[in-house]
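Accompanying notes for the structure given below.
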Amino acid sequence: MPGGKGLHEPPPSACPAPAPGSKLRAWCKALRLHFRLLSWMGYTLGAVLAPGSMSPALYVIGYLAVFAMETATVLTNDYFDYPSDRVNRHFSAFSGGSRVLVEGRLGAGEILRGAVVSVALALAVAALAVAASPGAAAVSAAVIVVTLVLALGYTTPPLMLAYRGLGEPTVALVLSAGVVLWGYLLQGGSVAMPTPWASSLPLGMAVLAAILLAEIPDRDADRGAGKRTVAVTYGTHTAAVLALLAIWLAAASALLLQAQALIPELGRLRYAAVAHAALLSVLILRYRRRHQGAIRIDMLLAAALAYAVWFSLVPVVSLLLR
């Protein structure tokens, strides 16, 4: 186990006792709802790209599985990242976990039980969606199971992918190909078609850029906890440069897919997407010029997360209005 025993799960004696207050508010904070936009946009993109008319009921059921899966993921991240989150001095709404365990607003047992229930719900709802889907049941089931394993494996033993230098590609894969394929297959699409794979490329690059940047504020805390992120292993400036590269690869791949008529909707508002990439470039280069190491970069992170809209929500709207 990377980093040694004890670094990845909060010992009950080390966790503060749950503080009095509204449990509902604490659970809402633990859910990190502001991050659900990425998974929802990717899932919706896959659903609307599928051939034929979309089933609204199946769409809702499929998304409930994604929501439960992501809930399990953020809860296990809070639980197993407790040693890192506890010493993180640069946490914000965009990085450093939900803080509910660190602040004592929820107990470690509550977080774990919530994660277990969420996994059970994700599997149950996914099974219902697969049974009702006109697509290939075995392929759809395999996609959601693999996606769930990768999402949980980001911090959960035995995989602990973020501690093995595989966290960034895992997040990018789950929030692009994983959810896009799930939405596409549920609506009757075929895994052999290039459409869901092609549409996942620019979205995956945009997500990769965002996760690379999100690791910059957490670098010092992650290093102490044994995480092998890009920012820890190669430095924050390297993480910023790789994020910059991913940003332009996202724009370039979207324009290429549009030019090849694979996904024409990715070309809509392409100049605005390029302008957004240019803005991100300015912000990243300013960070590299002015700062060393881990600092809060909230404006840059917000802009990076919004960048994914061009490769998910914009083509979704274009497809629905055509």
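No value in this document is a laboratory result; all are computed from the given coordinates. Only a predicted model underlies this, so the values are computations on that prediction, with no experimental measurement involved. So basically every Cβ, Gly included, is an ideal-geometry build from the backbone, and we count neighbours across all protein chains shown.
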Would you mind getting me the FRET efficiency between Ile295 and Ser53? Use the beta-carbon distance for r and R0 = 56 Å, nearest 0.05. 0.70
At 0.36 nm per residue, minus the direct Cα-Cα distance, what do Arg286 and Ala142 gain on full extension? Give it in nm, one decimal, please. 47.5 nm
Would you calculate a helix-derived [θ] at 222 nm for the chain, using -39,500 (n - 2.57) for each DSSP H run of n ≥ 4 and dividing by the full residue count, to the nearest 500? -21000 deg cm²/dmol
Label point 7 Å out from Arg36 along Cα-to-Cβ: which residues of the range 131-171 have amide N under 19 Å? 148, 151-152
Sequence order, the range 75-91: Karplus ³J(HN,Hα) from phi using 6.51 cos²θ - 1.76 cosθ + 1.60, θ = phi - 60°, Hz rounded, Gly and Pro as x, gives 6, 5, 4, 4, 5, 7, 8, 3, x, 6, 4, 4, 9, 6, 9, 10, 5
So how many Å³ per residue does the convex hull of the Cα atoms of the range 170-256 work out to? 93 Å³
For a quick protection proxy, order the peptides 175-181, 77-83 by their average other-Cβ count within 10 Å, most packed first. 175-181, 77-83
Please state, rounded to one decimal and in Å, the Kirkwood hydrodynamic radius that the chain gives when every pair of distinct Cα atoms enters the mean of 1/r. 20.0 Å
C-alpha center-to-center spacing [the range 214-259, the range 123-190] in angstrom: 22 Å
Linear extension gain, Ala252 paired with Arg25, 0.36 nm per residue minus alpha-carbon span: 77.6 nm
